[in-house]
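K.L.:
Let me begin by handing over the structure; questions about it come next.
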Amino acid sequence: MSGPKSYEYSFVPSLLDLAWGAYQEHRQRRFEEAYQQQVQADQRAQERREAAQRREDERRAREEAKQRAERAAELMQQARGHERRLERAQGLAEEAGRRFPGVTLDLPPMPAPPGDMEDPAAIERYIDAIQSTVHRIESGMRAHAAQAANQQGLQELMTALAATVAPEPRTAADLLDVYAAQVRALARPAAARASDRRTTAERILGRLAELADGAVPAELDALMRKLIEAESEDRAELLALELRAQVQSYNAAREHAEQVAAENRKREIAGVLVAEVLSDLGYEVEPITETLFVSGGVAHFQRAEWGDYYVRMRVDPATSQVNFNMVRTAASSDPPDASQRRRDEETESAWCAGLPKLLSEMAARGIAARQVRALDAGAVPVQVVKPESVPAALRKKSEPSDARTAPREMARPLNK
């Protein structure tokens, strides 16, 4: 039989998990190899950058040394000028001391010359020290009359400030203590009831399924607050019953959602593994989304030597069925002649000869298939479809070529 075929598929969780682990391991190995290659390429590029940076650093060092020497020479010329100014200031101070021996004029120590005459920063500090010394000498000569400080006003000010300090203020702590005691006495019965109701609400909420973010759902939190603040015990009991029912409903919904998510995850894995099987067997495959077995859809694959023939795989999750049929792309939908029909049947037979291997490899990965429909070759004509119904990327791969598509290395050995 080589015509269209339909299969009812089912998942074998244990095999599916093993196949997924092998797929992940194979992909991780490929990733690590690619990563190591990239690391080596990055290392070589880094070495080239470092060598270039060293050459640039050496060039900059030579340029900076040249600029540093030129700057030091320029600053030393400035320093000589400031030294002459300092010498004049010293001479004036000595002359003032001789003329006015009754005035004490303290001369600052002379700045020491820089230890490194080629260090611009040290020369600049030396110039700053000379200018500071000159300024202090000149200021001392102009302001010698201000050496005596008047301290009388300061003592009077301190006395006035001390007189303005206010005595320690009185407090009302005794009144506050009495008020707080009265409030506690009045609130004690209501607080006890609220505490009991909070304990009840927390015990009910403790039955919630584990929350991803640890936060209580808003509707349950609001119901808990109503329970704690209920105006009567009867009302509180009704709200407690409602809170229990809401928690049970939430847990049931969460359990159902987790089951659906787990089932969808198995279907997503199945889509990835089917694409892997087809590639391993040497087929060119259009990108198969992980949702193929979740929401259904169509995918195409072929061998390069098939030319304009493709296998269309249609998945229907509602019925758990997958259908395979061969299609041929053509701009015209004219009925095929005898030669075309013979070519259709030959290509269809070639595809069906490899189908058992495909089903075997799918089963080995936990995707079992039971045949529910199969037609003989020629029972129905090969379906003719517009070229654009097949992804453009896959059509480009199917252009005529002398090379045959060879199976690639599989993530796990093919079954014999």
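The values are calculated or read from the model by the stated rules, or taken from the named source; none is laboratory data. What you see is a predicted model, and the numbers here were worked out from it, not measured in a lab. Counting neighbours? That spans all protein chains shown, and the Cβs are built from the backbone with ideal geometry, glycine included. Keep in mind that these areas ignore ligands, DNA and RNA; they rest on the heavy atoms of the full protein, side chains included. Shrake-Rupley method; radii C 1.70, N 1.55, O 1.52, S 1.80 Å.
K.L.:
Quick one: R225 ticks every box in (1) in a helix (DSSP H, G or I); (2) in contact with a Gly (Cβ under 9 Å, 6 or more places away or on another chain) bar one, so which box is it?
P.N.:
Unmet for R225, out of (1) in a helix (DSSP H, G or I); (2) in contact with a Gly (Cβ under 9 Å, 6 or more places away or on another chain): (2).
Listed here are the residues, each with its yes/no results for (1) open to solvent by 40 Å² or more (accessible area, probe 1.4 Å); (2) at pLDDT 90 or above; (3) of a type in the set (D, E); (4) touching a Ser or Thr at 6+ places or on another chain (Cβ under 6 Å).
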{"residue": "A299", "(1), (2), (3), (4)": "no, yes, no, no"}
{"residue": "P356", "(1), (2), (3), (4)": "yes, yes, no, no"}
{"residue": "A364", "(1), (2), (3), (4)": "no, yes, no, no"}
{"residue": "V372", "(1), (2), (3), (4)": "yes, yes, no, yes"}
{"residue": "A377", "(1), (2), (3), (4)": "no, no, no, yes"}
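K.L.:
For region 199-213, which residues satisfy the criterion of being modelled with pLDDT under 75 and open to solvent by less than 60 Å² (accessible area, probe 1.4 Å)? Full working, then the answer.
P.N.:
Here is the first cut: in region 199-213, the ones modelled with pLDDT under 75 are 210-213.
Passing the criteria: only L211.
K.L.:
Checking A304 against (1) open to solvent by less than 50 Å² (accessible area, probe 1.4 Å); (2) at pLDDT 90 or above: exactly one of these is not met. Which one?
P.N.:
Of the numbered conditions (1) open to solvent by less than 50 Å² (accessible area, probe 1.4 Å); (2) at pLDDT 90 or above, the odd one out for A304 is (2).
K.L.:
If V247 meets every condition in (1) at pLDDT 90 or above; (2) under 30 Å from H26 (Cβ atoms); (3) open to solvent by less than 80 Å² (accessible area, probe 1.4 Å) apart from one, which number is that one?
P.N.:
(2)
K.L.:
Take T319 and tell me if it is modelled with pLDDT of 90 or more, in a loop (DSSP other than H, G, I, E, B) and open to solvent by 20 Å² or more (accessible area, probe 1.4 Å).
P.N.:
Working: modelled with pLDDT of 90 or more: yes; in a loop (DSSP other than H, G, I, E, B): yes; open to solvent by 20 Å² or more (accessible area, probe 1.4 Å): yes.
Here the answer is yes, as T319 does meet what is asked.
K.L.:
Can I ask one more? Please count how many residues of region 322-349 are in contact with a strand residue (DSSP E or B) (Cβ under 9 Å, 6 or more places away or on another chain) and open to solvent by 50 Å² or more (accessible area, probe 1.4 Å).
P.N.:
First, the residues of region 322-349 that are in contact with a strand residue (DSSP E or B) (Cβ under 9 Å, 6 or more places away or on another chain): 322-330, 332-334, 336, 340, 343-344, 347-348.
Narrowing the set further to residues that are open to solvent by 50 Å² or more (accessible area, probe 1.4 Å) leaves 332-334, 343.
Qualifying residue count for the region: 4.
K.L.:
May I ask you to list the residues in region 277-297 that are hydroxyl-bearing (S, T, Y), buried (at least 17 other Cβ atoms within 10 Å of the Cβ) and not in a helix (DSSP H, G or I)?
P.N.:
Scanning region 277-297 gives a single hit, Y283.
K.L.:
Now a separate question. Among the candidates E25, E8, which residue alone is touching a residue at least 12 places away in the same chain (Cβ under 8 Å) and in contact with a strand residue (DSSP E or B) (Cβ under 6 Å, 6 or more places away or on another chain)? Before the answer, list the steps.
P.N.:
Details: E25 fails: in contact with a strand residue (DSSP E or B) (Cβ under 6 Å, 6 or more places away or on another chain).
Testing whether each residue is touching a residue at least 12 places away in the same chain (Cβ under 8 Å) and in contact with a strand residue (DSSP E or B) (Cβ under 6 Å, 6 or more places away or on another chain) leaves just E8.
A quick yes/no check of all residues on (1) open to solvent by 100 Å² or more (accessible area, probe 1.4 Å); (2) in contact (Cβ under 8 Å) with a residue 40 or more places away in the chain; (3) among the polar types (S, T, N, Q):
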{"site": "A41", "(1), (2), (3)": "no, no, no"}
{"site": "Q46", "(1), (2), (3)": "no, no, yes"}
{"site": "R62", "(1), (2), (3)": "yes, no, no"}
{"site": "A79", "(1), (2), (3)": "no, yes, no"}
{"site": "E95", "(1), (2), (3)": "no, no, no"}
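K.L.:
While we're looking at this one, here's another question. For a quick check of your reading of the model, give me the residue pairs whose first member lies in region 327-344 and is more than 27 Å from A299 (Cβ to Cβ), whose second is open to solvent by 60 Å² or more (accessible area, probe 1.4 Å) and assigned to a loop (DSSP other than H, G, I, E, B), with beta-carbon atoms closer than 9 Å and at least 6 apart or on different chains.
P.N.:
Listed by first residue and then by second, the contacts come to P335/P381.
K.L.:
Output the residues belonging to region 336-395 that are part of a helix (DSSP H, G or I) and of a type in the set (V, I, T). Break it down stepwise before answering.
P.N.:
Filtering region 336-395 for residues part of a helix (DSSP H, G or I) gives 338-353, 355-364, 387-389, 392-395.
Once the filter is applied, which keeps residues that are part of a helix (DSSP H, G or I) and of a type in the set (V, I, T), region 336-395 yields only T347.
K.L.:
If you go through region 225-274 one residue at a time, how many are small (G, A, S) and in contact with an Asp or Glu (Cβ under 7 Å, 6 or more places away or on another chain)? Write out each step before concluding.
P.N.:
Of the residues in region 225-274, the ones small (G, A, S) are 230, 232, 236, 240, 245, 249, 252-253, 257, 261-262, 270-271.
Cutting the leftovers down to in contact with an Asp or Glu (Cβ under 7 Å, 6 or more places away or on another chain) gives us 271.
Residues in region 225-274 being small (G, A, S) and in contact with an Asp or Glu (Cβ under 7 Å, 6 or more places away or on another chain): 1 in total.
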